[in-house]
1. Taking 8 Å as the Cα distance limit and 6 or more residues as the minimum spacing, I'd like the relative contact order of region 33-111 as a percentage.
2. Using 0.36 nm per residue of separation minus the Cα-Cα distance, give me the extension gain between residue 85 and residue 18 in nm, one decimal.
3. Express the relative contact order of region 1-139 as a whole percentage, based on alpha carbon pairs under 8 Å and six or more residues apart in sequence.
4. Based on the Cα coordinates of region 380-471, what is the per residue volume of their convex hull in Å³?
5. Treat each spin label as a single point 7 Å out from the Cα along the C-beta direction, and report the residue 459 to residue 383 distance in nm.
6. For region 201-244 and region 1-51, write down the distance between their C-alpha centroids in whole Å.
7. Separation between the residue 61 and residue 413 pseudo-spin-labels, each 7 Å from Cα along Cα→Cβ, expressed in nm?
8. Roughly speaking, to the nearest percent, how much of region 366-454's 1.4 Å accessible area is carbon and sulfur?
Amino acid sequence: MTVLRAGSATDVGRVRNTNQDRLIVEDDLFAVADGMGGHVGGEVAAALAVDALTAAFRHDASVLGLRHAVAVANGAVWNRSQHDDDLRGMGTTLTAAALTVGADGRDVLGLANVGDSRAYLLSGGRVAQITADHSLAEEKVRHGELTEAEAAVHPHRHILTRALGVTPDVEVDLWELHVRTGDRLLLCSDGLSNELDLSEIGRLLSSVKDPRRAARALVKAANDHGGGDNITVVVVDVLVGEERADGASYVMPVPAGAPSNAPIVPPAPAMSPPPPPPPPPPTNVAVPPPGAAPARGATTVDTMARPGADVFVAAPTPGTANRAPLVDFLPDATDDVAAERRGDRRRRLGIPRRITLRVVLFVLLVLAVPTAAYGVFRWYATDNWYVTINAGHLAIYQGRDGGMLWFQPKLVDETSVTTAQVLPDRLADLRATVQETSLADARRYVANLQNEFTTQQQIDQGQVPTTIPTATTQPAPTGTP
């Protein structure tokens, strides 16, 4: 079973007035579309493409079904442009990935591409560009007519040789991605690849673990480099992958017309025969001769030069030759995931630690609230003393008379003073309990009761006491001088 986690970000950039990019982020389907054609044509084309792609893929959620869904999206854009003169000539790029089941019964990612939106794969600390741009300059590079440096400044670097919606039918490049745990897939519009080279993309992909933050970091970096076009990024993390016996990830092209049950065997990394030369650009997509302006109605895209070099993946992309080696970003990366320490593996997958400072603080806060409430309640229930009668003697209790919940009053002093040693008119108060603020005040009250009784006896016997203590403090009478 494969478990994915994705994050995305899109931005208008620093030059454009509107954002003509669209994206899809669902549980098993991800895509980036970069619209083109007039003021609103690009927005309409991209929106039509992603909506049609989503609906069609739901009818056949397979690798070949993804190719068919892209063809359906092409037809949706084409038909709309033929019925609306204001939208005639609109089109869009589309790069889409979908989680499906392969011929061997294992989960596999299908990847489809038309145009110059790109897909990159970070695996085992190495990053590679999977898709091949369908632009005139890149076609010349693949034919060996231009170098990468020459293509970056070529006057035809802005011209697409393939896009959705500009012809009734479109050729779709398709791959199967057999990914492993810890791999990361990036889908992006050319607003990102125009501004950042492969090394910068790889550095951000490998250093920012959360896919949503990684997507935002890539968009910010592209804007910091100029932001000459709309920027859209989808980052898909493989939290759990279908592990192969050799522990490697594979990127394999699916040839046009391949049956769904046709096995695809990964080619040997060396000694493979060279791939056939790519077909010429479709004749129904207008490509002007060198130095000439595009003909009226020709399909063009206002993009920027591609500063980064393409790289070699596990298998050649359809119609392309192998290119530069993979770029390493984790020098100590290993294909043996099982040999990693648990903590290292969690960090590589971007899985947060179970116990962090934030978790500890949250737990302490949760515990502090009931603890504080308990402390306040306990203080209120026990910070009180009262004097009452217990078995014919005056007794001092700590707590509330009758108790509060599980806090019952506690006998702290059973005095030797009996009810016979207290004036009769004080007994009613004692039976109802007399509250005091401290143990010392309670003991003082008992002593005063005893002294009061003794004084009254002296008076009754005709003796005059020197002082007349009282059990409680009485206010002075009004008018007393």
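The values are calculated or read from the model by the stated rules, or taken from the named source; none is laboratory data. Only a predicted model underlies this, so the values are computations on that prediction, with no experimental measurement involved. All Cβ positions, glycine included, derive from the backbone under ideal geometry; neighbour counts span all protein chains shown. We work out accessible area using only protein heavy atoms, side chains counted, and drop any ligands, DNA or RNA first. Shrake-Rupley method; radii C 1.70, N 1.55, O 1.52, S 1.80 Å.
1. On the way: 126 pairs, mean separation 28.3, N = 79.
Result for region 33-111 is 36 percent.
2. Result: 22.0 nm gained on full extension.
3. After rounding, I find 20 percent.
4. 85
5. Between residue 459 and residue 383, the simple spin-label model gives 3.8 nm.
6. Cα centres, region 201-244 to region 1-51: 15 Å.
7. Placing both labels 7 Å along Cα→Cβ, they lie 7.9 nm apart.
8. 58
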